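The structure under discussion appears below in the form of structure tokens.
The values are calculated or read from the model by the stated rules, or taken from the named source; none is laboratory data. The model shown is predicted, which means the values in this text are computed figures rather than measured ones. Note: ideal-geometry Cβ built from the backbone for every residue, glycine included; neighbour counts use all protein chains shown. To get the accessible areas, we keep the full protein, side chains included, count just its heavy atoms, and leave off ligands, DNA and RNA. Shrake-Rupley method; radii C 1.70, N 1.55, O 1.52, S 1.80 Å.
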Amino acid sequence: MTNLLVIENLFSEYEIQLIKEESNKCSWELKHVAGKGITKTTRVFWVKDIINTKLAELFKKKIEAGIKQNIEIRRLKINGQSHGQCAEWHTDIDPNSVNFFSMVYFPNDWLPEYGGHLMIKDNNNKITSILPEFNKGVIFNSTASHIGLEPTIHCITQRESIACIFRVLR
């Protein structure tokens, strides 16, 4: 599998509706932190845990079909960030881990002036910046340093992303 895979139009209309319905059954909690040395008193943002919903099987099937390998999902959640809720550069898993990947999916309509880019560093510290456009999925190695930037002051809603951490079964 490549180190970075961007997938446009990831889900069908039916699947998008299922994502909306299932995610609406879960409650937001102001508790998530992303970054080394970050504590719940420094930078925190909204999160919905969706691992125990129908979405876990949907994401599993969609990822397996896309990468043509079997996977095991370790974490599945929705992150919500408003202006002022920026994360830090971080990895999703211990840098010595192998066969772990992250997928970030963007479920909402988004304008470029809203900001909120997903930025991913490669092994040479080259940064790829990805606009969080509707129905776009991004798969990358979980050991890659990345950051979900906060929305700008022009954004009237929060930046939502569904984060799925998975292990490729060998």
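Descriptive notes on the structure:
- Taking every Cα-Cα distance in the stretch 72-170 and sorting them into 10 Å bins from zero, the calculated P(r) comes out as 16, 49, 29, 6, 0 percent.
- Which of GLY148, VAL44, VAL98, positive extreme of dipole for the chain (C-beta unit charges): VAL98
- Taking each of LYS48/LYS68; LYS20/LYS60; LYS25/LYS136; LYS20/LYS77; LYS25/LYS62 in turn, the alpha-carbon distance tops 25 angstrom for LYS48/LYS68.
- Percent of beta bridges antiparallel (DSSP, the chain, rounded to nearest 5): 100
- Computed [θ] at 222 nm, deg cm²/dmol, the chain (DSSP H ≥ 4; -39,500 (n - 2.57); rounded to nearest 500): -4500 deg cm²/dmol
- Sequence-ordered 3J(HN,Hα) estimates for the stretch 24-30 from the Karplus curve with 6.51, -1.76 and 1.60 and θ = phi - 60° stand at 5, 6, 9, 9, 6, 10, 8 Hz, glycine and proline given as x.
- Heavy-atom accessible area, probed at 1.4 angstrom with all protein chains present, ranks TYR14, TYR105, TYR114 as TYR14, TYR114, TYR105, highest first.
- Under Karplus coefficients 6.51, -1.76 and 1.60, residue-wise ³J(HN,Hα) of the stretch 152-166 in Hz, glycine/proline x: 7, 5, 7, 8, 9, 9, 9, 7, 10, 9, 9, 10, 10, 9, 9
- The amide H of THR152, built 1.01 Å from its N in the peptide plane, has GLY115, GLY116 as neighbours under 5 Å, considering only residues 5 or more places off or on other chains.
- Correct option for P(r) over Cα pairs in 5 Å bins from 0, in percent [calculated from the coordinates] among (i) 1, 8, 16, 20, 19, 15, 8, 4, 3, 3, 2, 1, 0, 0; (ii) 1, 7, 13, 14, 12, 10, 8, 6, 5, 4, 5, 4, 3, 2, 2, 1, 1, 0, 0; (iii) 2, 8, 18, 22, 23, 17, 7, 2, 0: (iii)
- Of the listed residues VAL98, VAL6, VAL168, the order by accessible area with a 1.4 Å probe, largest first, is VAL98, VAL6, VAL168.
- Net charge dipole size for the chain [Lys, Arg +1 and Asp, Glu -1 on Cβ; Debye, nearest 20]: 520
- J(HN,Hα) series, the stretch 65-70, from Karplus relation 6.51 cos²θ - 1.76 cosθ + 1.60, nearest Hz, glycine and proline x: 5, x, 9, 6, 8, 7
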